[in-house]
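Comments concern the structure below.
The values are calculated or read from the model by the stated rules, or taken from the named source; none is laboratory data. Just so it is clear, the structure is predicted and the values come from calculations on it, not from any experiment. In this analysis, Cβ positions are derived from the backbone assuming ideal geometry, glycine residues included, and neighbour counts consider all displayed protein chains. Only protein heavy atoms, including side chains, enter the accessible area calculation; ligands, DNA and RNA are left aside. Shrake-Rupley method; radii C 1.70, N 1.55, O 1.52, S 1.80 Å.
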Amino acid sequence: MKIPRTPWLLVVAAGFWAAVQLLRLVGFNDYYLFIANLSLVYVILAVSLNLINGIIGQFSLGHMGFAAVGAYVSGSITTLIFKLSPNVAAHYPGFVLALVAGGVAAALVGVAIGFPTLRLKGDYLAIVTLGFGEIIRTVFNNIDAVGGPRGLLGIPKFSTFTVILAFALITVAVIRNIAESAHGRNMIAIRENELAADLVGIDTTGYKVKAFALGAFFAGIGGGLYAHLLQIAHPTQFGFIYSVQVLIMVYAGGVGSLTGSVLAAFALTILTQLLKSGLSSLKSLTGLPIGGDWYMVLYALLLILIMLYRTEGLMGTREAKLMVIPEEDDK
Amino acid sequence: MSAVLKVTGMSHWFGGLKAVSNFNFEVPEGAIYGLIGPNGSGKTTTFNLITGIYKPTEGKIEFSGGDITGAKPYRIVRKGVARTFQNLRIFGSMSVLDNVRVARQYAPVSSFLASTLRLPSYKAEERARKAEAMNLLDVLHLSGRAKEQAKNLPYGELRRLEIARALATNPSLLLLDEPAAGMNPKEVQDLMALIARVRDEFKVTVFLIEHHMKFVMGLCERIKVLDFGETIAEGVPELVAKDPRVLEAYLGKKGGH
Ligand SMILES: Nc1ncnc2c1ncn2[C@@H]1O[C@H](COP(=O)(O)OP(=O)(O)O)[C@@H](O)[C@H]1O
Ligand SMILES: [Mg+2]
């Protein structure tokens, strides 16, 4: 008899869920819950960016552009449903479909961008993706039907802790299973030496497009959850600076380590909130001209420090045990 | 015997530099064919043209009777042309085993969905990939290293790993770019035996570049000599070795012109 492996990822997620439910009873207030939710959204964004930047070794700087597509597409759908009948509970299946639609739309945009640009390498690809991310944002900024510069308002609050956690779990599990599969091996080979990968028969361009599409899909899901958490999709939420923030999470955790991305998403989301409130109170105490937004300066410093002293980030390319799928015959 | 590889009138320019000039030849099935010539004479460029890294400025490359001129490298590989690199191109952070099994691209890989869900078809495929790779590592005397990170292997073993990886693509033509470079005399001796064994066991045709004269003369059945992109001699080793133009190309270099 074969004993099925313990699904550790599911166990950890369930444990986290239970812990938060218990803490809710003893003073884990809405603000803390919001931070937990936001962290999980960033887990989705960072892990999906790591597929592109870490596993297959491309350099995308426009991840928030994909998140914007997911946010606006899913947000438009749910606000429409909500207007027809304002009964949140009845609309959860519709919400999930809207999220997936947002993910698919983001993936299509990813493919549309991927085909012409993925021949570019390194810096060039980074610049082009940065440009596309900004274009996407500017497009939404100029579409009146989705609120233009005012943003898409009145998005119903579908993103509960349980929903976000479930999607984060699915994202991490799917991307891990791909990274740990033969497809993941092909992608890592492309990262390690593209020419050699080509010359063992790997369709390098095909894989890059697929990785881009998949990363964009999950970024679209993340963006949709984000919009349904904040109840708004606004062009400024998806600016370049936030793409950089996700990028820093990936680098801080270790490019190529999904475990690192998950840990860094939590650590840096919490750090951001601490810094924001810390800097704000410092401002009101001392009168120094340093608002909460100055946390970004500290982010930039963090990036510089990583690049100077620890390019491999927290984890390098190592993974926690629960992120590794053991091979059949080596126990 | 039929020709596995047939090249006609192939030339290649890099800007104003003619790196390969009017290259013509046929490699018969099952042969071990050598390509020699001084540094910079266009040998590696010839490999790069055959494997599709560059498209020749002029001429035609046929493999197993089909035209592969200007085809994409990964398609040429899947048709059965594999190679190693003069300057090693290892997947450094991957294990030795992964370096080999990642090269099994001739058989289709399950869809993303089947792979993600670890369906039985995917698992069966992975077993086949692993078994084949382990067998190749055995042949190349690397099975003890299977779990190690490739970049930690010594140079001689990396050269063998590249051969194992090339064989994993299931080739009928194997191109080796200076396989003995950086090896000691004992390793060179073993490598000669190994290449002959690989040819017989895997039924491949071998086309190799090498500087080591003893190696080339001892192993190859036919040799082609390049100098400044031009073919200056071609034939069986005994005759090529005596060819005055070959002697001049090699000794002339030594004379320092
Ligand atoms: N990508 C390239 N661009 C420009 N010149 C090149 C390129 N590759 C090779 N060359 C030139 O072509 C000539 C032949 O090089 P190569 O084929 O590498 O010689 P070798 O016989 O030593 O393998 C050399 O002069 C080299 O400098
Ligand atoms: Mg060379």
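Could you bin all the Cα-Cα distances of chain A into 10 Å bins starting at 0 and give me the percent of pairs in each, rounded to whole numbers?
Spelled out per bin, shortest first, that is 6, 25, 34, 24, 9, 2, 0.
What FRET efficiency do you get for B:ILE53 and A:ALA145 if R0 is 45 Å and r is their Cβ-Cβ distance, rounded to the nearest 0.05?
For B:ILE53 and A:ALA145, the calculated efficiency is 0.40.
Please give the residues from the range B:110-124 for which the solvent-accessible area of heavy atoms, probe 1.4 Å, is smaller by at least 40 Å² with all protein chains in place than with the chain isolated.
Residues losing area: B:PHE112, B:THR116, B:ARG118.
Which trypsin sites (Lys or Arg not before Pro) from the range A:153-201 combine a DSSP loop assignment with at most 12 other Cβ atoms within 10 Å?
For trypsin sites (Lys or Arg not before Pro) across the range A:153-201 that sit outside H, G, I, E and B with at most 12 neighbouring Cβ atoms in 10 Å, the list reads A:LYS157.
Using the structure shown, select from B:LYS79/B:LYS186; A:LYS321/B:LYS72; A:LYS121/B:LYS186; B:LYS72/B:LYS151; B:LYS55/B:LYS186 the pairs with a Cα to Cα distance greater than 31 angstrom. Before the final figure, lay out each step's value.
Values: B:LYS79/B:LYS186 34 Å; A:LYS321/B:LYS72 39 Å; A:LYS121/B:LYS186 42 Å; B:LYS72/B:LYS151 28 Å; B:LYS55/B:LYS186 38 Å.
In this structure, B:LYS79/B:LYS186; A:LYS321/B:LYS72; A:LYS121/B:LYS186; B:LYS55/B:LYS186 exceed 31 Å between Cα atoms.
Do the sum for chain B: with -39,500 (n - 2.57) for every DSSP H run of n ≥ 4, divided by all residues, what is the mean residue ellipticity at 222 nm, to the nearest 500 deg cm²/dmol?
-11500 deg cm²/dmol
How much solvent-accessible surface does A:THR236 expose, in Å² to the nearest 10, with a 1.4 Å probe and all protein chains in place?
Around 80 Å² of this residue is reachable by solvent.
Please list A:MET64, B:MET183 in order of solvent-accessible area, largest first, computed with a 1.4 Å probe with all protein chains present.
Heavy-atom accessible area, descending, gives B:MET183, A:MET64.
Output wanted: per-residue J couplings in Hz (rounded whole) for the range B:243-250, from phi through Karplus 6.51 cos²θ - 1.76 cosθ + 1.60, θ = phi - 60°, x for Gly and Pro.
The phi angles translate into 4, x, 5, 5, 4, 5, 4, 7 Hz.
If A:PHE82, B:PHE85 are ordered by their accessible area, calculated over protein heavy atoms with a 1.4 Å probe, which sequence runs from highest to lowest?
Details: A:PHE82 60, B:PHE85 10 Å².
From most accessible down to least: A:PHE82, B:PHE85.
Throw me the Rg/Rh for the range A:198-248, computed over C-alpha atoms with Kirkwood Rh, two decimals. Before the final figure, lay out the partial values.
Values: Rg = 15.3 Å, Rh = 13.1 Å.
Using Cα coordinates only, the ratio equals 1.17.
With +1 on each Lys and Arg Cβ and -1 on each Asp and Glu Cβ, how big is the dipole of the range A:8-239 about its Cα centre, in debye rounded to the nearest 20?
280 debye
Can you give the net charge of the other residues whose Cβ lies under 15 Å from the Cβ of B:ASP67, counting K and R as +1 and D and E as -1?
Neighbourhood net charge equals +3.
How much accessible area is lost when chains A and B come together, counting both sides, with a 1.4 Å probe, in Å² rounded to the nearest 100?
2900 Å²
Scaled to the compact-protein estimate 2.2 N^0.38 Å, what is the alpha-carbon radius of gyration of the range B:107-257, rounded to two decimal places?
Normalised by 2.2 N^0.38 Å, the Cα Rg of the range B:107-257 equals 1.34.
In deg cm²/dmol and to the nearest 500, what is the mean residue ellipticity at 222 nm of chain A if only DSSP H runs of at least 4 residues count, each as -39500 (n - 2.57), divided by the residue total?
The helix-only estimate for chain A comes to -23500 deg cm²/dmol at 222 nm.
Using a simple charge model, +1 on the beta-carbon of Lys and Arg, -1 on the beta-carbon of Asp and Glu, nothing else, what dipole does the range B:129-223 show about its Cα centre, in debye to the nearest 20?
Around 220 debye, computed over the range B:129-223.
Rounded to whole Å and sorted largest first, what semi-axes of the equivalent ellipsoid does the C-alpha gyration tensor of the range A:130-240 yield via the square root of 5 times each eigenvalue?
Sorted largest first and rounded, they come to 34, 20, 8 Å.
Order the following by accessible area, largest value first: B:VAL246, B:VAL236. Probe radius 1.4 Å; ligands, DNA and RNA are ignored. Walk me through the numbers on the way to the answer.
Details: B:VAL246 10, B:VAL236 55 Å².
From most accessible down to least: B:VAL236, B:VAL246.
Considering only DSSP states other than H, G, I, E and B, which trypsin sites (Lys or Arg not before Pro) in the range A:35-144 qualify as loop sites with at most 12 other Cβ atoms within 10 Å?
Listed in order of number, the matching sites are A:ARG119, A:LYS121.
Run through every distinct alpha carbon pair of the range B:88-154 and return the Kirkwood hydrodynamic radius in angstroms, one decimal place.
12.8 Å
Provide, in order from the shortest bin, the percent of all Cα-Cα pairs of the range A:234-331 in each 5 Å bin, continuing until the bin that contains the maximum pair distance.
Pair shares across the bins are 3, 13, 17, 19, 16, 13, 9, 5, 3, 2, 1, 1, 0.
Could you tell me what percent of the accessible area of the range B:186-257 is made up of carbon and sulfur, with a 1.4 Å probe and every protein chain present?
Numbers: 2320 of 3950 Å².
The computed percentage sits at 59.
Residues with beta-carbon under 13 Å from that of B:SER115, excluding B:SER115: net charge, scoring Lys, Arg +1 and Asp, Glu -1?
On the way: positive: A:ARG176, A:ARG185, A:LYS210, B:ARG118, B:LYS123, B:ARG129; negative: A:GLU180, B:GLU125, B:GLU126.
My count for the surroundings of B:SER115 gives +3.
So, for the protein assembly as shown, what is the accessible surface per residue at a probe of 1.4 Å, expressed in square angstrom?
44 Å²
Along the principal axes of its C-alpha atoms, what lengths does the protein assembly as shown span, in descending order and rounded to whole Å?
90, 62, 49
With both bridge residues required to lie in the protein assembly as shown, what share of the DSSP beta bridges run antiparallel, to the nearest 5%?
Beta bridges within the protein assembly as shown, antiparallel portion: roughly 60 percent.
What's the whole-number percent of alpha carbon pairs in the range A:1-160 lying beyond 26 angstrom? Let's see the in-between values first.
On the way: 5603 of 12720 pairs.
Across the range A:1-160, Cα pairs with separations above 26 Å total 44 percent.
Can you list the HN-Hα couplings for the range A:7-12, worked out from phi with the Karplus curve (6.51, -1.76, 1.60; θ = phi - 60°), rounded to whole Hz and with x for Gly and Pro?
Each residue of the range A:7-12 in turn: x, 4, 4, 5, 4, 5 Hz.
Go through B:95-102, B:3-10, A:147-154 and give me the packing order, highest mean Cβ count within 10 Å leading. Please list the in-between numbers first.
Working: B:95-102: 25.6, B:3-10: 18.8, A:147-154: 15.6.
Per-residue mean Cβ counts within 10 Å order the peptides as B:95-102, B:3-10, A:147-154.
Accessible area of the range B:88-154 with a 1.4 Å probe: how many percent of it is carbon plus sulfur?
57 percent
Among B:ASN184, B:VAL225, B:LEU239, which residue has its Cα furthest toward the positive end of the charge dipole of the range B:146-256, with +1 on Lys/Arg Cβ and -1 on Asp/Glu Cβ?
Checking the options against the dipole of the range B:146-256, the answer is B:ASN184.
Which percent of the accessible area of chain A is formed by carbon and sulfur heavy atoms (probe 1.4 angstrom)?
72 percent
Where in chain A lies the longest segment free of GluC sites (Glu not before Pro) that are both loop residues by DSSP (not H, G, I, E, B) and have at most 12 other Cβ atoms within 10 Å?
The answer is A:1-326.
Hey, if you drop one equal point scatterer on each alpha-carbon of chain B and run the Debye formula without solvent, what base-10 log of I(q)/I(0) do you get at q = 0.13 Å⁻¹?
-0.85
Across the range A:171-318, how large is the tail of the calculated P(r) beyond 27 Å, expressed as a percent of all Cα pairs?
Of all Cα-Cα pairs in the range A:171-318, 36 percent lie more than 27 Å apart.
What share of the DSSP beta bridges in chain B is antiparallel, in percent to the nearest 5?
55 percent
Taking A:LYS276 as the anchor, which aspartates and glutamates have their alpha carbon closer than 14 Å to its alpha carbon, excluding any fewer than eight residues away along the same chain?
Of all the aspartates and glutamates, those that pass the test against A:LYS276 - Cα under 14 Å, at least 8 places apart if same chain - are A:ASP293.
Can you list the residues of the range A:160-178 whose accessible area drops by at least 30 Å² going from the chain on its own to the full set of protein chains, with a 1.4 Å probe?
A:ASN177, A:ILE178
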